[in-house]
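Comments concern the structure below.
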Amino acid sequence: MISVPGSMKSIRPCGRRLLSVAALLIAGLQPIATGAPNARSGQAPIGVGPQYDTTHVYVAAADLDAFVKSFLAVLGGSARGQTTVNVTPVPSSADSEPVMTPEGGISVLAFRTPVPYPFGQERTGYLVTDMDLAIRAARAAGAEVIVEPFTDPIGRDAIIQWPGGVKMQLYWHFKAPSSPRLVTIPDNRVYISKDQADNFVRSFVAFAQGKIVADDKKADAGEIGRAGETCRRIRIRSIFGNMLAFVTDGHLPYPFGRETTGYEVQDLDATLAKAKAANAALLFGPYSAGHRKTAVVQFPGGYIAEIHTSIGQNP
């Protein structure tokens, strides 16, 4: 049996089944109701909740165990065990280790075969209530469907691309899952050009039935490595969780733009001490800007993540 965090029930290992990577994170859990209308739009919600959103992490097979051990040592939680999976609509094989922490979930992949295009470019997996509805809504909002829906043993998957090139996976289960709420909700961190920023935000907000909670056109760009300058920073909130979009000229010092997710912790200094002990490298920070103290770390295997703590009232 595998013990999972919070109030999750224990589940049996999936064995050597062929499953989608996002689906593996919550496979075997019990159904929840997902059909209540959205009060603002009058439509049934497309998303289910941020506890079902996963960051996709691709690592070399030799780094898989070290990465998972380090990530859990820093953020807590538990892994579900490695399984050999086919996460694509064409023949392929990868070792997968789904991981759940109180600050968000990740789906870790170590491919045994070459990675079929465009897999590896999708940043996240979002659970939707109905795949056909989600695809229609995405297209209506201005997204491209770059991988048409395909079936895996427990559901369906697709990959979409938003104006500006942001790619993400959508997934759906034959049997609706259930998972506890997160302690903190991570940020999906997006870097977008000035040319496509408004188109991207308009499209994503329409699809996600979300709202813009802050649009700071003169935010401190020091938090993305450009101290003494400003940038536009947009915060979006929806059923899929939080999104933090930086509108820039693309002159980004390393590692900015490489981190796809930002995790909120209670004590950043203590978390960074855990990161150092777990062989994660500090790439940036700590840096205080606005209502946050932020840092960027790189885990064994190459995964780069932002980690922050609130030092005031965020929008």
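Taken together, the values in this text are just the output of simple stated rules run on the coordinates, not laboratory data. In this text, all values refer to a predicted model and were calculated from it rather than measured experimentally. Every residue, glycine as well, gets a Cβ built from its backbone with ideal geometry; the counts of neighbours run over all protein chains shown.
Quick notes
- Ranked by the mean number of other Cβ atoms within 10 Å of their residues, highest first, the peptides 51-57, 144-150, 219-225 fall in the order 51-57, 219-225, 144-150.
- Dipole moment magnitude, nearest 20 debye, segment 168-263 about Cα centre, only Lys, Arg, Asp, Glu C-beta charged: 340
- Order by protection proxy (mean Cβ within 10 Å, highest first), peptides 162-174, 194-206: 162-174, 194-206
- Potential lengthening between ARG202 and LEU282 on full extension [0.36 nm per residue; Cα-Cα distance subtracted]: 25.4 nm
- Whole-Hz Karplus values for segment 101-112 come out as 10, x, 9, x, x, 9, 10, 9, 10, 10, 6, 8 Hz, taken residue by residue from phi with 6.51 cos²θ - 1.76 cosθ + 1.60 and θ = phi - 60°; glycine and proline positions read x.
- Distant-in-sequence amide H partners of ALA280 (H built 1.01 Å from N, under 5 Å): none
- Size of charge dipole - segment 36-165 - debye, nearest 20, with Cβ of Lys, Arg +1 and Asp, Glu -1, no other charges: 200
- Dipole magnitude for the chain: computed about the Cα centre from +1 point charges on Lys and Arg Cβ and -1 point charges on Asp and Glu Cβ, it is near 440 debye.
- Here's the picture: a label point sits 7 Å out from the Cα of ILE146 along the beta-carbon direction, and within segment 92-124 the residues with their amide nitrogen under 14 Å of it are 116-124.
- Given LYS217/LYS276; LYS194/LYS218; LYS69/LYS167; LYS217/LYS274; LYS217/LYS293; LYS211/LYS274, the pairs whose alpha carbons are separated by over 25 Å: LYS217/LYS276; LYS69/LYS167; LYS217/LYS274; LYS211/LYS274
- Working from label points 7 Å from Cα in the Cα-to-Cβ sense, the PHE174 to ASP216 distance is 4.8 nm.
- Under 5 Å from the amide H of THR88 lies no amide H of any residue 5 or more positions distant or on a separate chain, with H modelled from the backbone and absent for Pro and chain starts.
- The gain in end-to-end length when the ASP130 to LEU72 segment is fully stretched comes to 17.7 nm, 0.36 nm per residue minus the alpha carbon separation.
- Karplus-derived 3J(HN,Hα) values for segment 279-289, using 6.51 cos²θ - 1.76 cosθ + 1.60 with θ = phi - 60°, are 6, 9, 9, 7, 9, 7, x, x, 9, 9, 8 Hz; glycine and proline are entered as x.
- The phi-based Karplus calculation (6.51 cos²θ - 1.76 cosθ + 1.60; θ = phi - 60°) puts the 3J(HN,Hα) values of segment 155-165 at x, 9, 9, 7, 10, 10, 10, 8, x, x, x Hz, whole numbers, x for Gly and Pro.
- If the segment from VAL115 to ALA270 were pulled out straight at 0.36 nm per residue, it would be longer than the present Cα-Cα gap by 52.1 nm.
- Cα gyration tensor, segment 106-244 - rounded (a/c under 1.5), prolate or oblate: prolate
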